[in-house]
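Everything below concerns the one structure shown next.
The values are calculated or read from the model by the stated rules, or taken from the named source; none is laboratory data. Every value quoted in this text rests on a predicted model; they were computed, and no experiment measured them. Neighbour counts run over all protein chains shown; Cβ positions are idealised from the backbone, glycine included. Remember, those area values only see protein heavy atoms, side chains included, never the ligands or the DNA or RNA. Shrake-Rupley method; radii C 1.70, N 1.55, O 1.52, S 1.80 Å.
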Protein chains: 2
Amino acid sequence: MVNQQAALDSLFHALADPTRRAVVSRLLKGAAPVKQLSEPFEMGLPAFLKHLSVLEVSGLIRTEKRGRVRTCRVDAERLAAAEGWLSQQRALWQGRTDRLADFVESQTHPEKTE
Amino acid sequence: MVNQQAALDSLFHALADPTRRAVVSRLLKGAAPVKQLSEPFEMGLPAFLKHLSVLEVSGLIRTEKRGRVRTCRVDAERLAAAEGWLSQQRALWQGRTDRLADFVESQTHPEKTE
DNA sequence: TCTATAGTTCGCCATATGGTGAACCAACAA
DNA sequence: TTGTTGGTTCACCATATGGCGAACTATAGA
């Protein structure tokens, strides 16, 4: 499933920006139109629309136009997808039976825990 | 805490690349030197080192040089930090008392669930 | 109908990203 | 000491990203 990878790419990329994370946070509290969403931010509408576009392509939000206002809402399942990858990785880490070997390794090559 | 934001930026950005996610996955199974880590990938060493650098700056991995080999290991706490933000957001979503309003909203503006 | 509002599109720009090849340094190993 | 190996650095390139202002479209309201 190479496509899975691309989905994770755009998911994490979408989240790698404070503006976009703020939008997601805001939308988790309820749907909102573009103008209202953009108000807290300094940038112009065109720049903001690009952020929305990134979010939409990633699947994190869905939008729908009624009349002249476009309403945005979050797709919580996509958030769960990102979380899923992470918890899966953590499970990998926590479930390891040979973490002892890793510990030994870290003693063999002592690092400064600064 | 603006710094928190920057940390999340670089964390998610680090994860937004299949090569880097693969490296993290691999390192979760145990520490490894640069050369060995780079073998599964097509790109040259310089490009691969840039990826490692991104991972290190984000704090997802730490590296240490002994003799002429640099050993890399993962910092699972950083993974947890990313997961933390996501689960925090999900909690926001799940804990909402007014999700009904959101539902009503979605009925008022019916979207095509394509 | 006229006007203000919500979005959209376009061309432009600076910087960041992800890759290359070539030259280079430092440690083992023979 | 002389290779060879593991990393590193450098200059360079193409493309992506994130921002801008200006011009445009389309709907809502007076």
Taking every residue of A:79-89, the Cβ atoms of other protein chains inside 10 Å of its Cβ average out to 6
Could you run the numbers on buried accessible area between A and B, total for both chains, 1.4 angstrom probe, in Å² to the nearest 100? 3700 Å²
Across the residues of A:9-16, average count of Cβ atoms on other protein chains within 10 Å? 6
Cα convex hull of the range B:1-80, projected area averaged across orientations, nm²: 5.4 nm²
Under the definition of partner shielding as Cβ atoms of other protein chains within 10 Å of a residue Cβ, what is the mean value for peptide B:20-28? 3
Relative contact order [Cα under 8 Å, 6+ residues apart], the range A:2-108, whole percent: 28 percent
Amide H proximity to residue B:75 below 5 Å, modelled H, separation 5+ or other chain, gives B:61, B:62
